[in-house]
Amino acid sequence: MGWIGDGIESIRSMQIRQFLTQAVSLGMIVTSALIIWKGLMCITGSESPVVVVLSGSMEPGFKRGDILFLHMSKDPIRAGEIVVFNVDGREIPIVHRVIKVHERQDGEVDVLTKGDNNYGDDRLLYAQGQLWLQRHHIMGRAVGFLPYVGWVTIIMTEKPIIKYILIGALGLLVITSKD
Amino acid sequence: MHSFGYRANALLTFAVTIVALMCAIASLSDNLNTPSPTAEIQVVNINWFQKQTHGNDEVSLTLNITADLQSLFTWNTKQLFIFIAAEYKTPKNALNQVSLWDAIIPAKESAKFSIHTSNKYRFIDQGHNLRGKEFNLTLHWHVMPKTGKMFADKIVMSGYRLPEEYR
């Protein structure tokens, strides 16, 4: 009866080996995505190197669902640049254009922004009583542009079911695929 | 090995790679264009010039803007964003840039224009340094591409002086 036990043993070890291989390859995918993201953070110097445009306030230049590549360098901020900024008390960063700059001798800077498609400037969006943005509000400036790609993330955040279906399907593919 | 899933995956990967490559080439091709834009800005009139109640100087200008920016357009250009900024120094600030007027130019045909306008955004100083102040008017443009890298440049027109007295 020894050969049956051997057979079961070999099948079991095969399955474990296969399972381990798949776990490792899945881990490779996840970690390489993480490496790319963190690498981009190092290169661009911005804590979020890629942002998705969520509102139509910069139309027709940037539409909802477009992707912007950010860069954060030590260069001074100048009028006309499109910056991404965080306002105190607001979670979602805003992508708008700088229309006024007042830079002091020591490099401290006061900036006013406006969306190309908005009628007035952004003082209504800033925190109560805030007239200017300072350097620390600004997360980066937009340097490049890719249309439509951001729709993937917009759809996934607004319809989480699609996200779960996608993850489930991918997981199933990984489990069932051989070699 | 030759299942439907594998073929679909290979096709999708290939298609995405090609599209990404085409976007990159389209963006790079912008570098082949050497534009030669021209512009002329005149301050036609100082409409009024006063000190606000909280102490900042404010001035209202009428501008005459003539420009030919057609050479900035390439096949990868979605639109041109242009604006005119007054730039000057004050004892407190090493640089002040105040946008006075802006426009979006969606097509090459409308990139040659002449316009007579008063300032769209308020020209307010941080403080009260504008009397007799010399400033530059600068035409900036930002080329927004259909895809890829954004470009920006400017033409500086120097030598404007605000009046010595409020009016």
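The calculated 222 nm mean residue ellipticity attributable to helices in chain B amounts to -5500 deg cm²/dmol, summing -39500 (n - 2.57) over DSSP H runs of n ≥ 4 and dividing by all residues. Mean sequence separation of contacting Cα pairs (under 8 Å, at least six apart), scaled by the length of chain A, corresponds to a relative contact order of 21 percent.
For chain A, the membrane-span-like helix rule (DSSP H, alpha carbon extent of at least 18 Å along the helix axis, mean Kyte-Doolittle at least 1.6) picks out A:160-176; this says nothing about an actual membrane. Using the Cβ of B:Asn136 as centre and a radius below 13 Å, the other residues enclosed give a net charge of +2, where K and R count +1 and D and E count -1. For chain B, the longest principal axis of the C-alpha atoms and the axis of helix B:4-29 are separated by about 40°.
3J(HN,Hα) along segment A:47-59, derived from phi through the Karplus expression 6.51 cos²θ - 1.76 cosθ + 1.60 where θ = phi - 60°, amounts to 6, 9, x, 10, 10, 9, 6, 9, 10, x, 6, 10, 5 Hz, with x in place of Gly and Pro.
Net charge in the neighbourhood of B:Thr77 (other residues with Cβ under 11 Å of its Cβ; Lys, Arg +1, Asp, Glu -1) is +2. For each pair in A:Lys74/B:Lys133; A:Lys63/B:Lys149; A:Lys100/B:Lys149, compute the distance between the two Cα atoms and list the pairs where it is over 21 Å. In this structure, A:Lys74/B:Lys133; A:Lys100/B:Lys149 exceed 21 Å between Cα atoms.
Mind listing which GluC sites (Glu not before Pro) in segment B:74-167 are in a DSSP loop and have 10 or fewer other Cβ atoms within 10 Å?
Here the GluC sites (Glu not before Pro) that fit, given the DSSP loop and packing criteria, are B:Glu164, B:Glu165.
Taking the beta-carbon count within 10 Å as an exposure proxy, list A:Tyr126, A:Tyr164, B:Tyr160 from fewest neighbours to most.
Listed from fewest to most nearby Cβ atoms, that is A:Tyr164, B:Tyr160, A:Tyr126.
Computed over chain A, the P(r) curve from all C-alpha pair distances, binned at 5 Å from the origin, holds 1, 7, 12, 14, 14, 12, 9, 7, 6, 5, 4, 3, 2, 2, 1, 1, 1, 0 percent per bin.
With viscosity set to 0.692 mPa s at 37 °C, what whole-number translational diffusion coefficient in µm²/s follows for the protein assembly as shown from Stokes-Einstein and a Kirkwood radius over Cα pairs?
Details: Rh = 23.8 Å.
Calculated translational D: 138 µm²/s.
How about segment A:70-168: which GluC sites (Glu not before Pro) there are in a DSSP loop, with at most 16 other Cβ atoms within 10 Å of their Cβ? The qualifying sites are A:Glu91, A:Glu108.
Which order do B:Asp30, B:Asp153 fall in if you start with the one that has the fewest other Cβ atoms within 10 Å? Let's see the in-between values first.
Working: B:Asp30 17, B:Asp153 12.
Lowest count first: B:Asp153, B:Asp30.
The ranking of A:Met72, B:Met144, A:Met58 by Cβ neighbour count inside 10 Å, starting from the fewest, reads A:Met72, B:Met144, A:Met58.
Using a Gaussian network model of chain A in which every pair of alpha carbons under 10 angstrom is joined by a spring, one finds that among A:Ile29, A:Ile99, A:Ile154 the greatest mean-square fluctuation is at A:Ile29. For segment B:33-161, list log₁₀ I(q)/I(0) at each q in 0.19, 0.21 Å⁻¹, using the Debye formula over Cα point scatterers of equal strength and ignoring solvent, two decimals each. Rounded to two decimals, the profile gives -1.03, -1.18.
Where a number appears in this text, it was derived from the coordinates with a stated rule and is not lab data. Worth saying up front: this structure is predicted, and the values here are computed from it rather than measured. Ideal geometry is used to build each Cβ from the backbone, glycine not excepted, and the neighbour counts take in all protein chains shown.
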